[in-house]
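J.: Okay, here's the structure, questions in a sec.
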Amino acid sequence: MRASRPHPRGHLAEHFDSLLQTCMAPSNTSTASCRLAWPRRTLRQPLADLHGLVEHFDGLSQTCMASSNSSIASRRFAWPRRTLRQPLADLHGLEIHYFWPPQILQPSKYIISGCRRFTWPRNTLFLAVADFTTPEIHYFWPPQNLQRSKYIISGCRRFAWPRNTLFPAAADDKAPIFAAINHPLNPIQMITHALINPRSIAVIGGSNHIYKPGGRLVKNLIEGPFTGDLYIVNPKELLIQGHPVTRSVNDLPTGIELGVLAVSAAHCTEAVRVLVEEKGARAIIIISAGFSEESTEGAAIEREICRICTAAGAALIGPNCIGLANPHHHAVFTSPVPTLGPGGVDLISASGGVALFIIECALTKGLRFHSLWSVGNAAQTGIEEVLEYMDEHFDPSTDARIKALYIEDIRDAEKLVRHAASLVRKGCRIAAIKGGTTADGMRASAMHTGARPTSEEAVATLFRRAGIVRCYSREELIAVACAFALPRPHGRSFAIVTHAGGAGVILTDALVRCGMKVPAYRGARADELKARLLPGASVANPIDILGTGSAADFGLAIDYADQHFPETDAIAVIFGSIGLGKITAAVDVILEKMQTCSKPIYPILPSVLNTAEEIAHFVTRGGITFPDEVTLAQALGRIAGNEAL
């Protein structure tokens, strides 16, 4: 039944460009016998005999303006009252849902599970007010192909896919009928098991030169925890780092799970196509640059690669990244690669270089890592999607509870807030740097990863809603993560135990400026401690055992702060060296007290040259240290501003 040309108050219709080219015939049905086959650029009235169609409107042709019946951009639908009917129970296949604004319907109404429809009673929807911008239309594939949790829409958010980005469902009907290409609001979680824990990996562009990306990538995979089948593709070599070589991607066996590409951008599209469509790969990592961050031609290549991967249900990391490392494999081309395991930090970064600088600095302080995610241009998988995966697959017995982020582009603010806040509620703690919030910073980040502008105020609001501790430098991010890794203080009152009075004064000022307290110690217990220390020692807080104080004096002062001064919530300890001897005994005292004291201890070991050996000993035995007392205080202040201490 063809509709007539729309007039100013025409029929309800959905406006699709090239729908017949972008939607497979078997996929555009609402029931077995009825098909929604709207021709190109034609507005069609819903067929009268289309059983199960969610929308049934009475006299809509008199109430819906022609300019309002588009599902594209931000058109509004002026639906009158008493027009929405309760959905039929037998609706299958293509589903069309009109969401009403959240101020009218509660968020709990936005959940679609299984084959169920919104079962709103009749006559409960109201006429949209004049300033309401967008009723939302969402297309979902049948629930057997999508996880139930993916059907949750919160607030007024929408999947605002741009024109010409829809592609047909795969022949095996495993993909959604509509999916976004290179778009931040993709409703499908694409991170796959093949990406996290593959049974086979193919490196395209591996080499014997370990100081080139392809060579270092192979080396890291060989030396890391990966125990599956490793294939290396290089047309010019016969043996690479002891492994036989395949000359072409076409010569690889089927069943490859993860493909890692270290070849030029111009050669990536065909390699990805063969890996995904012919070899069965369900995860791709592209470390190469030369894509959307560089040129329009590169952007086109990136979009096509993303289309190929998404159509096949394959995860895509990158391009323009250093890769992914986790306890199962080290698919990165850089070093150092830290030992990854439980109890560490999940580092998720838009910049591979920043990630490496963070790792290098953090390892010297004793911070450990659980995984490294470098998303690069984030053609398909960005930081939001990684957080989504971590949230939805969170296992408190094995997963990291600390997340450190470097963000350049916030593509889906609501997804970021939703999953970060959910992780925080599950006991995780998140700290992040957002790069590119000034005018010049926005320009720099756009050239780096193609990031879109985000204002300082917007970032502050988002982080506050998400429960993310905001940092402004790598050192600050590391310090906050180190503080996260130590037990939480019971409150804001700190004891300071030091052998350098000046450092104690600096830390006192810094703690107070950052919202902490350094209470004075008086009374019998303070007098008792003073009598047991060297003459001239101070116990008023800071407790200064003097530069000539011994490791035993240091331990005694810590015990008094822990056991005899109830106003103390946490203890900051400072011990360095003037170069006249080793401080191994004092370091061992700190390690012991961190295990036995009831109050958390924050160690500051400032002599990074004189005591480098002792600091390494401290870190090797599981200690975490701060090289500067003000850095510690500022980290605690950041956390206190975001969490209740």
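J.: Which of the following residues is assigned to a helix (DSSP H, G or I) and under 16 Å from Ala325 (Cα atoms): Glu388, Glu360?
T.: Glu360
J.: On to the next question. Can you give me the number of residues within the range 378-411 that are of a type in the set (Lys, Arg) and over 30 Å from Ala444 (Cα atoms)?
T.: So the answer is 1.
J.: Let me ask something else about it. Quickly run through the range 478-492 and pick out the residues that are over 15 Å from Gln634 (Cα atoms) and of a type in the set (Gly, Ala, Ser).
T.: Ala485, Gly491
Residue-by-condition table, conditions (1) modelled with pLDDT of 95 or more; (2) more than 20 Å from Ala289 (Cβ to Cβ); (3) in a loop (DSSP other than H, G, I, E, B):
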{"position": "Leu185", "(1), (2), (3)": "no, yes, yes"}
{"position": "Met190", "(1), (2), (3)": "no, yes, yes"}
{"position": "His209", "(1), (2), (3)": "yes, no, yes"}
{"position": "Leu217", "(1), (2), (3)": "yes, no, no"}
{"position": "Tyr231", "(1), (2), (3)": "yes, yes, no"}
{"position": "Cys268", "(1), (2), (3)": "yes, no, no"}
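J.: Which residues, counting only those in the range 513-552, are loosely packed, with under 15 Cβ neighbours inside 10 Å and aliphatic (A, V, I, L, M)?
T.: Ala520, Ala524, Ala531, Leu534, Ala540, Ala552, listed by residue number.
J.: Something else now. Could you grab me the full set of residues in the range 426-440 that are in contact (Cβ under 8 Å) with a residue 24 or more places away in the chain, farther than 19 Å from Ala640 by Cβ and of a type in the set (D, E, K, R)?
T.: Within the range 426-440, Lys426, Lys434 qualify.
J.: Name the one entry in Ala400, Ala404, Ala420, Ala379 that is assigned to a helix (DSSP H, G or I), open to solvent by less than 10 Å² (accessible area, probe 1.4 Å), small (Gly, Ala, Ser) and in contact with a strand residue (DSSP E or B) (Cβ under 7 Å, 6 or more places away or on another chain).
T.: Ala420
J.: Could you run through the range 464-521 and say how many residues are part of a helix (DSSP H, G or I) and within 30 Å of Lys415 (Cβ to Cβ)?
T.: Residues in the range 464-521 being part of a helix (DSSP H, G or I) and within 30 Å of Lys415 (Cβ to Cβ): 15 in total.
J.: Let me ask something else. Whether any residue in the range 351-372 is surrounded by 24 or more Cβ atoms within 10 Å (Cβ to Cβ) and modelled with pLDDT under 95 is what I want to check.
T.: No, the range 351-372 has no match at all.
J.: For the range 245-262, give me each residue that is part of a loop (DSSP other than H, G, I, E, B) and surrounded by fewer than 19 Cβ atoms within 10 Å (Cβ to Cβ).
T.: Correct list: Arg247, Ser248, Pro253, Thr254, Gly255.
J.: Say whether the condition of being touching an Asp or Glu at 6+ places or on another chain (Cβ under 9 Å) and under 28 Å from Ala311 (Cα atoms) is met by at least one residue in the range 420-437.
T.: The answer is yes, given that some residue of the range 420-437 is touching an Asp or Glu at 6+ places or on another chain (Cβ under 9 Å) and under 28 Å from Ala311 (Cα atoms).
J.: Which of the numbered conditions does Ala299 fail, given that it passes all the others? Conditions: (1) open to solvent by 40 Å² or more (accessible area, probe 1.4 Å); (2) out of contact with any helix residue (DSSP H, G or I) (no Cβ under 8 Å at 6 or more places or on another chain).
T.: Answer for Ala299: the failing condition is (1).
J.: Kindly provide the set of residues from the range 199-244 that are of a type in the set (Ser, Thr, Tyr), open to solvent by less than 30 Å² (accessible area, probe 1.4 Å) and either touching a residue at least 60 places away in the same chain (Cβ under 8 Å) or in contact with a Ser or Thr (Cβ under 7 Å, 6 or more places away or on another chain) (or both), ordered by number.
T.: Correct list: empty.
J.: Could you check the range 485-531 and list, in sequence order, the residues that are over 33 Å from the mean Cα position of the chain (by Cα) and among the basic types (Lys, Arg)?
T.: Hits for the range 485-531 are Lys517, Arg522, Arg525, Lys530.
J.: Can I ask one more? Name the single residue that is surrounded by the most Cβ atoms within 10 Å (Cβ to Cβ) among those in the range 302-330 being β-branched (Val, Ile, Thr) and at pLDDT 95 or above.
T.: Step by step, filter the range 302-330, then rank; the result is Ile317.
J.: Also: Pairs under 6 Å by beta carbon, first residue closer than 15 Å to Gly502 by Cα in the range 521-548, partner among the β-branched types (Val, Ile, Thr) and open to solvent by less than 40 Å² (accessible area, probe 1.4 Å), six or more apart or different chains?
T.: Hits for this filter: Ala537/Ile545; Asn541/Val518; Pro542/Ile496; Pro542/Thr498; Ile543/Val497; Asp544/Thr498.
J.: Does Ala485 fit the bill of being open to solvent by 20 Å² or more (accessible area, probe 1.4 Å), closer than 23 Å to Val630 by Cβ and at pLDDT 90 or above?
T.: Yes; evaluated as a whole, the condition is true for this residue.
J.: Can you name every residue in the range 618-645 that is aromatic (Phe, Trp, Tyr) and either touching a Phe, Trp or Tyr at 6+ places or on another chain (Cβ under 8 Å) or open to solvent by 50 Å² or more (accessible area, probe 1.4 Å) (or both)?
T.: Passing the criteria: only Phe626.
Residues checked against (1) touching a Leu at 6+ places or on another chain (Cβ under 6 Å); (2) more than 21 Å from Ala510 (Cβ to Cβ); (3) modelled with pLDDT under 95:
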{"site": "Phe565", "(1), (2), (3)": "no, no, no"}
{"site": "Thr568", "(1), (2), (3)": "no, no, no"}
{"site": "Leu580", "(1), (2), (3)": "no, yes, yes"}
{"site": "Glu592", "(1), (2), (3)": "no, yes, no"}
{"site": "Glu614", "(1), (2), (3)": "no, yes, no"}
{"site": "Leu645", "(1), (2), (3)": "no, no, yes"}
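J.: Which of the residues spanning the range 372-412 are without any contact (Cβ under 8 Å) to a residue 60 or more places away in the chain, acidic (Asp, Glu) and in contact with a Lys or Arg (Cβ under 7 Å, 6 or more places away or on another chain)?
T.: Asp409
The values are calculated or read from the model by the stated rules, or taken from the named source; none is laboratory data. Please read all numbers here as calculations on a predicted model, not as lab measurements. Cβ: placed from backbone, ideal geometry, glycine included. Neighbour counts: every protein chain shown. The area values use the complete protein model at the heavy-atom level, side chains included, leaving out ligands, DNA and RNA. Shrake-Rupley method; radii C 1.70, N 1.55, O 1.52, S 1.80 Å.
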